[in-house]
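Worksheet: the structure to be examined is printed underneath.
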Amino acid sequence: MNPNLNCLHPYPFEKLNQLKANCSPPPQRSAINLSIGEPQHPTPSIITTAVSQALDGLGKYPLTRGNDALRQSIAQWLTRRFQLPAESIDPNAHILPVNGTREALFAIAQAVIDTQTAQPPLVLMPNPFYQIYEGAALLAGAQPYYLNCLAERDFQPDFDAVPAEIWQRCQLLYICSPANPSGSVLSAETLRQLLALADEHDFIIASDECYSEIYADEANPPVGLLQVCAEMGRLDFKRCLVFHSLSKRSNAPGLRSGFVAGDAEIMRPFLLYRTYHGCAMSSTVQAASIAAWSDELHVQENRALYRAKFDAVVDILSPVLPITRPEASFYLWPEVPDSDTEFARQLFATQNVTVLPGSFLSRATADGINPGANRVRMALVASLEECKEAALRIRACLEKG
């Protein structure tokens, strides 16, 4: 067996199941799950209709690079959404469809990490983080290096505090903007700083932007890495990759559809890796993806639903919790008065509401800080009425002390 498998940590939801194992919630209270970021809004009919009309595609082997129409629709969406210069995105060189960003975020580390170096390579990532980043680094033979995201810095890493020798060993930097779990958005200025560091120290930036289409202000969408590249005239998108998904944007997590876009010099060997990996997207899913990337109305409606839930839940919880409404994403990341694990256990045991302890999403660093400790992640993915009911139960739990 690959010895690096022994380095993997239990997944957060495995820890959560263990935490809840000996609890018996009140049977008269229906279960409400706010722990997992799985969208519950109905999948738009344009997607389900496209699936039903493309079932003949199940009888054919798809191409790993996807069909021309899908890559073209993605290029057009990127150009519209991030205000890129016309024809700056080459669908044949800059884009690869993937089966959801999770598999691509994992695979990119396997494809780009070089272990034949004097010192073990580093993969830098925010802390808390999506655990795929860590697992990808470990299985690629690299060491994770955690960048704490604390409240005093708006839950963003302090990139200035990273020593030069760490940047020198860095081969891959994962960033997540909007962030999971805080919803914090990296600024264009910060992205320019990271591009300068990547040029100086020769590492790749993997920007996980899967929450980019869920934001509070219609007039102020989150900036993207390729957008900043274009503003700087870096139309080769050197050392940059972005990862986007239809799971959150279009309420289609079961479709397993997304894409990677960026530096053609990285995309070329990544395509080779993925060809051997055997992860081509079915023609049926490609047809549905074209329909989704070509429509914005359902995405605007989706954002409105989340805004209504934030309005209601923040209003209910703000008297009892220090709630910070995020710029983007569908998460709340409040500090709780008890330990995060004890709070989550008590909430489930007394109210049948499940939240995710923040310490399950983070690691304690050498300075003894665990940035997820005493916080919980609440995913407002259920219906408005369920989210309101969950908030009322959380408030009752807190008021009982």
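Listing for the model above:
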quantity: Burial order of peptide ranges 334-340, 244-250, 111-117 (average beta-carbon count within 10 Å, highest first); calculated: 244-250, 334-340, 111-117
quantity: Rg followed by Dmax, in Å, when segment 313-362 is reduced to its Cα trace; calculated: 11.3, 31
quantity: Cβ charges +1 (Lys, Arg) and -1 (Asp, Glu), total dipole of the chain, debye; calculated: 1000 debye
quantity: Among 121, 322, 371, residue whose mean-square fluctuation peaks in a GNM of the chain (springs only between Cα atoms under 10 Å); calculated: 322
quantity: Choice from 349, 261, 137 with maximal GNM fluctuation in the chain (Cα, 10 Å cutoff); calculated: 349
quantity: ³J(HN,Hα), Karplus 6.51/-1.76/1.60, whole Hz, each residue of segment 344-359, x for Gly, Pro; calculated: 4, 5, 5, 4, 5, 5, 9, 10, 6, 10, 10, 10, 9, x, x, 5
quantity: Charge-dipole axis of the chain as Lys and Arg at +1 and Asp and Glu at -1 on Cβ define it, positive-most pick from 131, 284, 245; calculated: 284
quantity: Net charge, residue 179 excluded, C-beta distance under 10 Å - Lys, Arg +1, Asp, Glu -1; calculated: -3
quantity: Of 15/400; 238/309; 248/388, those spanning more than 28 Å from alpha-carbon to alpha-carbon; calculated: 238/309
quantity: Descending semi-axes in Å of segment 222-342, equivalent ellipsoid built from Cα gyration tensor; calculated: 34, 20, 17
quantity: Candidates 353, 162, 185, ranked by Gaussian network fluctuation over the chain, Cα under 10 Å, top entry; calculated: 162
quantity: Protection proxy ranking of 29-37, 192-200 - average other beta-carbon atoms within 10 Å, highest first; calculated: 29-37, 192-200
quantity: P(r) weight above 20 Å for segment 18-163, C-alpha pairs, percent; calculated: 72 percent
quantity: Two-decimal log10 I(q)/I(0) for segment 172-242, as the Debye equation yields it once each C-alpha is a single scatterer, q = 0.24, 0.27 Å⁻¹; calculated: -1.10, -1.32
quantity: Space enclosed by the convex hull of the alpha-carbon atoms of segment 45-295, per residue, Å³; calculated: 120 Å³
quantity: Neighbour net charge for residue 92 - beta-carbon separation under 13 angstrom, K R +1, D E -1; calculated: 0
quantity: Three-way shape call for segment 119-201 based on the alpha-carbon gyration tensor, with the a/c threshold at 1.5; calculated: oblate
quantity: Computed [θ] at 222 nm, deg cm²/dmol, the chain (DSSP H ≥ 4; -39,500 (n - 2.57); rounded to nearest 500); calculated: -12000 deg cm²/dmol
quantity: Alpha-carbon gyration tensor eigenvalues x 5, square-rooted, for segment 1-102, Å; calculated: 38, 22, 17
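Bear in mind these aren't lab numbers, they're just calculated from the coordinates by the rules spelled out. Remember, predicted model here, so these are calculated numbers, not experimental data. A quick note on method: Cβ atoms are made from the backbone with ideal geometry, for glycine too, and the neighbour counts reach across all protein chains shown.
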